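The structure under discussion appears below in the form of C-alpha cells.
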Amino acid sequence: MKQFARSPKDIGQAIRQARKDKNLTQKDLAVKSGVWQETISKVETGAASTKVETLFALLAALDLELAVLPRSRGSQADLEDIF
C-alpha cells in the first residue's frame, strides 16, 4: 500500500483502508493500538486535532510507517483541498 496524504482527511482514509485491508474493526484496532475506539473514528474522519503520538500508535498497530518526501506536483484542486 502506497498512498499520499496531504491533509488529516487523507491520513484518516489511509488508516481506514489499512484497517479494512487487515479485516480489523475499529474495536480490534483499539485493542491492538491502545487507542480509544472513539479516537480511531475521529482519526478516520480526518479530525485535525489528532496527536502525533496517536497517529504513530495506529500506524504501528497496522504495520505501517510514515515516509516524508518532497511534495510531488499536484493539480490546483489538490492545493485547494489543503487550504
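The values are calculated or read from the model by the stated rules, or taken from the named source; none is laboratory data. These numbers were taken from a predicted model, which means no experiment stands behind them. Note that we place each Cβ from the backbone using ideal geometry, even for glycine, and neighbour counts take in every protein chain shown. Surface accessibility is based on the protein's heavy atoms, side chains included, excluding ligands, DNA and RNA. Shrake-Rupley method; radii C 1.70, N 1.55, O 1.52, S 1.80 Å.
Numbers below:
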quantity: Pair list, Cβ under 6 Å, 6 or more apart: region 15-33 residue among the basic types (Lys, Arg), other residue part of a helix (DSSP H, G or I); calculated: ARG16/GLU44; ARG19/LEU29; LYS27/GLN37; LYS32/ALA61
quantity: Where GLY46 falls short, out of the listed (1) open to solvent by less than 40 Å² (accessible area, probe 1.4 Å); (2) over 18 Å from ASP10 (Cβ atoms); (3) not in a helix (DSSP H, G or I); calculated: (2)
quantity: Test: GLU65 is assigned to a helix (DSSP H, G or I), open to solvent by 60 Å² or more (accessible area, probe 1.4 Å) and modelled with pLDDT under 95; calculated: no
quantity: Hits in region 12-43 (condition: in contact with a Ser or Thr (Cβ under 9 Å, 6 or more places away or on another chain), open to solvent by less than 60 Å² (accessible area, probe 1.4 Å), within 13 Å of LEU62 (Cβ to Cβ) and in a helix (DSSP H, G or I)); calculated: GLY12, ARG19, GLN26, ALA30, SER33, ILE40, VAL43
